[in-house]
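Asks: Below is a structure I'd like to ask you about.
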Amino acid sequence: MKQIKGTNDFVVKFANVNGTGSASANHLFAKAIFRMGIPVSPRNIFPSNIQGLPTWYEVRVSSKGYLGRRGGVDLMVCVNPQSMEQDIASVEPGGYFVYDNTKPLAPHLKRDDIHFFGIPFTEMCMREYSVPRLQQLLKNVVYVGALAALLDIDFGVLKGLLNDQFKGKEKLISSNVHALEMGYQYATENFQCPLPIKLKKGGNVAPHILETPHILMNGNTAAALGAIYGGATVAAWYPITPSTSVIDSFATYAKRLRIDAGSGKKNYAVVQAEDELAAMGMVVGAGWNGARAFTATSGPGVSLMSEFLGLAYFAEVPVVLINVQRSGPSTGMPTRSQQSDVLAAAYASHGDTKQVLLFPATPQECFEMTVNAFDLSERLQTPIIMMSDLDLGMNDWMSPPLEWDDNYEMDRGKVLDAQGLDDAKKWGRYLDVDGDGICYRTLPGAHPTKGAYFTRGSSKNEMAVYSESGDDYVRNVDRLLRKFETAKDLVPQPKTHPPIEVKKPKTKLKLGALFFGTSASPSYEAVEMLAPEGYPIDTMRIRAFPFHNDLDQFIHDHDLVFVIEQNRDGQMRQLIMNECQIAPTKLTSILNYSGTPITARDIANQIRTSLNTKSAKIVPLHAETA
Amino acid sequence: MSYIKPKFRHPRLPTNNLGYTIADYDGAISTLCAGCGHDSISASIRNACFKSSLHPHRIAKISGIGCSSKMPTYFLSRSHGFNSVHGRMPSVATGASLANRDLTYVGVSGDGDTASIGMGQFIHLMRRNVNMTYIVANNGCYGLTKGQDSATADLGSISKYGDVNGFDGIDLASLAILQGASFVARSFSGDKEQLEPLIRAAMAHNGFAFIDVVSPCVTFNNHNGSTKSYAETRDHLDAMPVDFVPMRDEIRTQYAEGTSQSVTLHDGSVIHLRKAVSGLATNDRQSALNTIKSNEDKARILTGLLFLDPDTQNLSTSLELATRPLNELGKDELCPGSKVLKSINEGLR
């Protein structure tokens, strides 16, 4: 029978029951690989449930450092009878299936093209431990021990991690180490270890990974740190998966880093609001009053905040919103990842609104873009929405260390203080003195006689006096559009890479691919998979909306452009068509909206299919872009 | 409405302790209907700020949407104002107060803005005890959309179109007492003798101060059969006269024993209630609720200070905020720097 082979290149998936303590054991497994210096990307695929439903943890190991999902499972560890049938079916031919054989496997579940490894986890733990809770918890550690033998994990690294985790609790350390050893011993005694898929420190790991001491962190924690470093002082929020940990982490770091040295009091405020409406209202109030304020939410929260996003857009109040996207409304699928709020966020609210969006693709970018969001919101006096997603926000990502330049100065934008007001020849809140669409604002309390004005939605003139005149309205919203143009050069620019050389291209079409956020990593991988097949594809990673003019140029320079994203309706494609006046036939959607993050294989397959169908061979359009 | 505001001011207008004249507290000309109760409230707010010698620019005015919420334009032009979103003024005020705890916040709302669309935020504002004065101009109807009943319209009150309201009205003052508001009062827009000192006391109070002001709508709710018309309100008023004595003023007035009650505020100011109301102890929520109810049963509208807890903790104190306003903090206080980030990186390996 075929055996899947590979050093530092495989996918392991764990099938567990939610709420049985598997998360920390699975994390121990992934972190051990990380500490061995081998690129690893773990992903939680979890239900909206506290206990009882099936939950999975997928760990990708990639010597080249691909952190997106590859697709397929090489080794499945199944300790959940509920999902066993589908788990067995999901293993690649020649792959491996590790399961609890305390009860024999039903014969109809057997496959003859994969390798079964039965280990009596339950029986071993029942024999070893008398306390039911330990029987359940340590079963997870036993399978990690078995994997250590099967995949050749450095046992010392595992022990070191347990020491770190349970520092000072010797009893816990020794019981966990004992469980690891039980699993390890069983595997070495009963199977030929290691398997043809295995780990090797150093080995074939890409040099750029080995050279940098990486960190393992999730995007939500990184965004929270960005808010700390970016000087946020007011966080108002309402709990919603998968954004909750942004504010939780902010509060944890703030408790440590934001206490006034003299008084021991807080230089920050965190308020758990009654709903997302109030959360955004508080952020608007604080931003209007000169504090750096932010909130974090997900889809339904964005809907509720939309009214205030409209007000903040028209009233020109700095606001930072971190949107950790998920799959739609209600409960259930919302614990799954998507990039499906693109249009809802870009045009959030009533009237003619366009919101500034940032698209981070890594924890490092979550950190940097959050800092940047505060600067941009004050510079542009408008909401800045950072579009993360569940996959980026809640999963651990290997990342180069976060960096900070101590020369950083906050950009507080155009704010006139008392002196500024005295020096100004003529001041009007909505007077475009500099021609960039951005006017000078004042803060309450700044000057005894000057600079006070009344903040409203849209009915006002340049001097902030109430007006329902059509001319005043038109001048104002046209200026807002001018401001949006100014934003193009201030927001993070798109990223391109040098084109991949292909010796014998199979197509004459100039191909391009556009993507953003968590679609980026698997897209780069798919492009590298397709190049040797004769399909050279240039790439551009979108990092912000409004789109930079380079995006128009990129589309113009290619005959066919794939837009790779994780939603049903090709929302980024629509936004590009709408904003850049691109003919629809030029942009082909590559989509995944299953709720589990898009894989490199899936992207490559869709592109192959698209290139091999007649529709892709249409005469290239050249004349459509202005 | 008038559309010309006379610019003439008497050259020897009296000044307050800070040297401001009453004109320094004026706002733009009102665009509300002539005779609207709300304009009297605006005047009382202006007078209260003048008499209490507050710097106009150190006050921030925040409102929701509706006739009531237009009011902040019509007083204190030297203060920043924010006409926000319908029913959401509480959250905007909360955020503003977190950003700068040193300003005085005046929220102006209406019965639609507070008792219907904004009920959730109103309750939570009280729960958090945000340090602000919250005035509801309560006329029992929606004015800007032409006279629909609001949630504070009394059972049996007849609308301008002849419909009888079949629902119990929400009593915002009772609700505020029940929800833990630390200062609750009721007044009548036409009774500036009472309203002004109440507003002054509310602004001196170190926490959430709520004043429900019955303010008749001359256009849509001032007819026979309406329970919130001028005539009906005047007929059924049971007003408790109030004096406000700021901390710095010597108390000269003498009150006959047993006829009055005094409460000292956090900043040392004193409120005198010049008439004892049978059964009302303003430091006891239950007694306040009972007194409101027994008056209501007799079709009387009890106005005056209903409940006060002067030693309350406001939001900034309960969140343990540093004394320096958050909006004044800069990079040095807020940004931990590269060394700290290095150690955070270490912890993530």
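Asks: Taking the Cα centre of chain B as the origin, how large is its charge dipole in debye, to the nearest 20, when only Lys and Arg (+1) and Asp and Glu (-1) carry charge on their Cβ atoms?
Replies: Working: 34 positive and 33 negative charges, 223 e Å.
The dipole magnitude comes to about 1080 debye.
Asks: Further question: Can you give the relative contact order of segment A:6-211 as a percent, counting alpha carbon pairs under 8 Å and 6+ residues apart? Provide the component values of the computation, followed by the final result.
Replies: Details: 374 pairs, mean separation 52.9, N = 206.
Reported relative contact order: 26 percent.
Asks: Roughly how big is segment B:121-170's charge dipole about its Cα centre, with Cβ charges of +1 (Lys, Arg) and -1 (Asp, Glu), in debye to the nearest 20?
Replies: On the way: 4 positive and 4 negative charges, 57 e Å.
Dipole about the Cα centre, nearest 20: 280 debye.
Asks: Could I ask something else about it? For chain B, what is the mean residue ellipticity at 222 nm derived from helices alone (per DSSP H run of n ≥ 4: -39500 (n - 2.57); sum divided by total residues; nearest 500 deg cm²/dmol)? Before the final figure, lay out the partial values.
Replies: Numbers: 12 runs with 104 residues, N = 349.
One gets -8500 deg cm²/dmol as the mean residue ellipticity at 222 nm.
Asks: Here is a further query. For chain A, what is the mean residue ellipticity at 222 nm derived from helices alone (per DSSP H run of n ≥ 4: -39500 (n - 2.57); sum divided by total residues; nearest 500 deg cm²/dmol)? Could the numbers behind the result be given before it?
Replies: Details: 20 runs with 238 residues, N = 626.
Estimated from H runs of four or more residues: -12000 deg cm²/dmol.
Asks: Just round it to a whole percent: the fraction of Cα-Cα distances in segment B:156-304 exceeding 18 Å.
Replies: Numbers: 6664 of 11026 pairs.
Distances greater than 18 Å cover 60 percent of the Cα pairs.
Asks: Related question: With a 10 Å cut-off between alpha carbons and a GNM built on chain B, which of B:Ile41, B:Ile199, B:Ile22 moves the most?
Replies: Of B:Ile41, B:Ile199, B:Ile22, the most mobile in the Gaussian network model is B:Ile22.
Asks: Related question: Select from B:Leu103, B:Ala34, B:Val245 the residue farthest towards the positive end of the dipole of chain B; place +1 on Cβ of Lys and Arg, -1 on Cβ of Asp and Glu, and compute about the Cα centre.
Replies: Positive-end residue among those listed: B:Leu103.
Asks: At a Förster distance of 45 Å, what's the computed FRET efficiency of A:Ala418 paired with B:Gln313, Cβ-Cβ distance as r, to 0.05?
Replies: Taking R0 as 45 Å, the efficiency between A:Ala418 and B:Gln313 is 0.90.
Asks: Highest first, please rank the peptides A:16-25, A:358-367 by the mean number of other Cβ atoms sitting within 10 Å of their residues.
Replies: On the way: A:16-25: 19.1, A:358-367: 27.0.
Packing proxy ranking, top to bottom: A:358-367, A:16-25.
Asks: Enter the Cα centre distance for the pair segment A:1-80 and segment A:367-388, rounded to the nearest angstrom.
Replies: Cα centroid of segment A:1-80 versus Cα centroid of segment A:367-388: 34 Å apart.
Asks: Counting only other chains, what is the mean number of Cβ atoms within 10 angstrom of the Cβ of each residue in peptide A:259-271? Walk me through the intermediate numbers first.
Replies: Working: counts 2, 7, 2, 3, 5, 2, 8, 6, 7, 8, 13, 2, 8.
Per-residue shielding by partner chains comes out at 6.
Asks: So how much slack lies between A:Leu134 and A:Ser24, counting 0.36 nm per residue of separation and subtracting their Cα-Cα distance, in nm? Don't jump to the answer; show the numbers that get you there.
Replies: Working: separation 110, 0.36 × 110 = 39.60 nm, distance 1.39 nm.
Answer, rounded to one decimal: 38.2 nm.
Asks: Pairs to check: A:Lys266/A:Lys354; A:Lys103/A:Lys169; A:Lys266/A:Lys488; A:Lys171/A:Lys255; A:Lys171/A:Lys265; A:Lys5/B:Lys342. Give those whose C-alpha atoms are more than 32 Å from each other in this structure.
Replies: Working: A:Lys266/A:Lys354 35 Å; A:Lys103/A:Lys169 34 Å; A:Lys266/A:Lys488 36 Å; A:Lys171/A:Lys255 30 Å; A:Lys171/A:Lys265 38 Å; A:Lys5/B:Lys342 38 Å.
Beyond 32 Å between Cα atoms: A:Lys266/A:Lys354; A:Lys103/A:Lys169; A:Lys266/A:Lys488; A:Lys171/A:Lys265; A:Lys5/B:Lys342.
Asks: Restricting things to alpha carbons, tell me how big segment A:6-211 is in terms of Rg and Dmax, in Å.
Replies: Here Rg and the maximum Cα pair distance are 16.2, 49 Å.
Asks: Let me ask another. How big is the C-alpha Rg of segment B:22-347 next to the rule-of-thumb value 2.2 N^0.38 Å, as a ratio? Walk me through the numbers on the way to the answer.
Replies: Values: Rg = 20.5 Å, N = 326, 2.2 N^0.38 = 19.8 Å.
Normalised Rg, Cα atoms only: 1.04.
Asks: With an 8 Å Cα cut-off and a minimum separation of 6 or more residues, compute the relative contact order for chain A in percent. The partial results should precede the final answer.
Replies: Details: 1305 pairs, mean separation 75.3, N = 626.
Contact order relative to length: 12 percent.
Asks: Quick one: which of A:301-311, A:85-95, A:418-428, A:283-293 comes out on top by average Cβ neighbours within 10 Å, and what's the full order, highest first? All intermediate terms of the calculation are to be shown ahead of the outcome.
Replies: Numbers: A:301-311: 23.3, A:85-95: 17.0, A:418-428: 13.2, A:283-293: 30.4.
Final packing ranking: A:283-293, A:301-311, A:85-95, A:418-428.
Asks: Return the percentage of antiparallel bridges among DSSP beta bridges fully within segment B:22-347, rounded to the nearest 5 %. Provide the component values of the computation, followed by the final result.
Replies: Numbers: 16 of 46 bridges.
Bridges in segment B:22-347 that DSSP calls antiparallel: roughly 35 percent.
Asks: For A:Val73, what residues show an amide H to amide H distance below 5 Å, using hydrogens built from the backbone and excluding near sequence neighbours?
Replies: A:Glu92
Asks: Relative to the first principal axis of the alpha-carbon coordinates of chain A, what is the inclination of helix A:520-530, with its axis defined by its Cα atoms, in degrees from 0 to 90 and to the nearest 10?
Replies: Approximately 60 degrees, to the nearest ten.
Asks: Given springs between every Cα pair under 10 Å in a Gaussian network model of chain B, which of B:Gly207, B:Gly304, B:Gly147 has the largest fluctuation?
Replies: Per the Cα network of chain B with a 10 Å cutoff, B:Gly147 tops the list.
Asks: Also, I was wondering about something else. Skipping prolines and chain starts, which residues have an amide H placed within reach, meaning under 5 Å, of the one on B:Gly107, given they are 5 or more residues away or on another chain?
Replies: Under 5 Å from the amide H of B:Gly107 lie the amide H atoms of B:Ile62, B:Thr133, B:Tyr134, B:Ile135, each far enough along the sequence or on another chain.
Asks: Hey, in the GNM for chain B with a 10 angstrom Cα cutoff, which one of B:Gly87, B:Gly27, B:Gly110 fluctuates hardest?
Replies: Of B:Gly87, B:Gly27, B:Gly110, the Gaussian network model singles out B:Gly27 as fluctuating most.
Asks: Over the alpha-carbon set of segment A:217-399, work out the extent along each principal axis and list the three values in angstrom, largest first.
Replies: 46, 39, 29
Asks: Rounded to the nearest 10 degrees, what's the angle between the helix B:192-204 long axis and the longest principal axis of chain B, both from Cα atoms, 0 to 90?
Replies: Compared with the principal axis, the helix lies near 20 degrees.
Asks: In nm, give the distance between the simple-model label positions of A:Asp352 and A:Arg475, each being 7 Å from the Cα along the Cα-to-Cβ direction.
Replies: 1.6 nm
Asks: With angles folded into 0 to 90 degrees, how steeply does helix B:119-128 sit against the dominant principal axis of chain B? Use alpha carbons for both and round to 10.
Replies: 60 degrees
Asks: Rounded to the nearest whole Å³, what is the per residue volume of the convex hull around the Cα atoms of the protein assembly as shown? Walk me through the intermediate numbers first.
Replies: Values: hull volume 210.1 nm³, N = 975.
With only Cα atoms used, the protein assembly as shown gives 215 Å³ per residue.
Asks: What lysines sit close enough to A:Lys586 to cross-link, taking a C-alpha to C-alpha distance under 20 Å and skipping anything fewer than 8 places away on the same chain?
Replies: Candidates past the 8-residue exclusion: A:Lys506, A:Lys508, A:Lys510, A:Lys614, A:Lys617.
Asks: Order the peptides A:120-127, B:13-20 from the highest to the lowest mean number of other Cβ atoms within 10 Å of their residues. Before the final figure, lay out the partial values.
Replies: On the way: A:120-127: 17.4, B:13-20: 12.4.
In decreasing order of mean packing, A:120-127, B:13-20 become A:120-127, B:13-20.
Asks: OK, next. Over the whole of A:121-130, what's the average partner chain Cβ count within 10 Å per residue? Rounded to a whole number, please.
Replies: On the way: counts 0, 0, 0, 0, 0, 0, 0, 0, 0, 0.
Average neighbour count from other chains, rounded to a whole number: 0.
Asks: What is the spread of the Cα atoms of segment A:509-585 along each of their three principal axes, largest first, in whole Å?
Replies: For segment A:509-585, the Cα extents along the three principal axes come out at 34, 25, 21 Å.
Asks: Which log10 I(q)/I(0) values, to two decimals, does segment A:418-490 give at q = 0.19 Å⁻¹ under the Debye formula with one point per Cα?
Replies: -0.83
Asks: Under 17 Å Cα to Cα from A:Lys2, which lysines show up? Leave out anything in the same chain fewer than 8 places away.
Replies: A:Lys110, A:Lys198
Asks: How many partner chain Cβ atoms sit within 10 Å of a residue's Cβ in peptide A:453-465, on average, as a whole number? The partial results should precede the final answer.
Replies: On the way: counts 5, 12, 8, 5, 4, 0, 1, 1, 0, 0, 0, 1, 2.
Counting Cβ atoms of other protein chains within 10 Å of each residue's Cβ and averaging gives 3.
Taken together, the values in this text are just the output of simple stated rules run on the coordinates, not laboratory data. As the structure is a prediction and not an experimental result, all values here were calculated from the model. Using ideal geometry, Cβ is built from the backbone for each residue, glycine included, and neighbour counts are taken over all protein chains shown.
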